[in-house]
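Every number here is computed from the coordinates shown, using simple stated rules; none is lab data. Values in this document were obtained by computation on a predicted structure and should not be read as measured data. Cβ: placed from backbone, ideal geometry, glycine included. Neighbour counts: every protein chain shown.
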Amino acid sequence: MPAVPADPTVLHPMPGQPRVVMLRPLVTSPLIEVGEFSYYDDPDDATAFETRNVLYHYGPEKLIIGKFCALGTGVRFIMNGANHRMDGPSTFPFPMMSGAWSDHTDLLAELPNRGDTVVGNDVWFGYGATVLPGVRIGHGAIIGARAVVTADVPDYGIVGGNPARLVRTRYADRDIARLLAVAWWDWPVEHITEHIRVIMSGTVDELEGVQPR
């Protein structure tokens, strides 16, 4: 019998481990898009991801996460709603406090907005990493534990620290281009299932050798 792939629609993919959730079947906000098989791990309440891990998300910008991403406990995405004015004497958001102060909502109309936060495919986030608004994280990147990502991360880059700095890339530029061309995350899931060992532990040559024809 052919091997049966994992089911991306199952909320808890690991039997007996409610701390792990697939994000695609969990999220309900139209402002959050998640690819298949991306998961979040949290022993407290992984199902509260939308409210506990995506913060100040009032729109219209989106959080977009690709396929096959692994998010460790406490990973947080800070969205543009966290921004305050910095061009006057005070940063306090008076119009948000209602009463007569709400007559000045126009003062909040031009807050800084860096646009969508976009995470590529096959990205691994370590424990407690924080991603600031408008950041773009490339395919195959690794975000170190407690890193604070303030700027874009290249494909297959490894970053760490506060603010996060590029430690190194996982492959040479030529091989990164080859990996992006192969784009294994877009293969049919049955083909991925057949070649998991190559995807996890093979070389770039071997991965190219088993790509669908």
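Whole number please: convex hull volume per residue of the Cα set in region 134-213, in Å³?
109
Extending each Cα 7 Å along its Cβ direction at M97 and E50, get the distance between those two points in nm, one decimal.
Distance between the two pseudo-spin positions: 3.1 nm.
Please pull out the direction-averaged projected area of region 1-124, using the convex hull of its alpha-carbon atoms, in nm² to one decimal place.
About 10.1 nm², averaged over all directions.
Note the full-extension length gain between M200 and R178 as 0.36 nm times their separation in residues minus their Cα-Cα distance, in nm to one decimal.
Residue separation times 0.36 nm, minus the Cα-Cα distance, leaves 6.3 nm.
What whole-number value in cubic angstrom gives the convex hull volume per residue for the C-alpha atoms of region 109-153?
Hull volume normalised by residue count: 64 Å³.
List the extent of the Cα atoms of the chain along each of their three principal axes, largest first, rounded to whole Å.
69, 39, 29
To one decimal place, what Kirkwood hydrodynamic radius in Å is obtained for region 27-88 from all pairs of distinct Cα atoms?
12.7
Points 7 angstrom from Cα along the Cβ direction at L11 and R170: gap in nanometres?
Each label point is offset 7 Å from its Cα along the Cβ direction, giving 3.0 nm.
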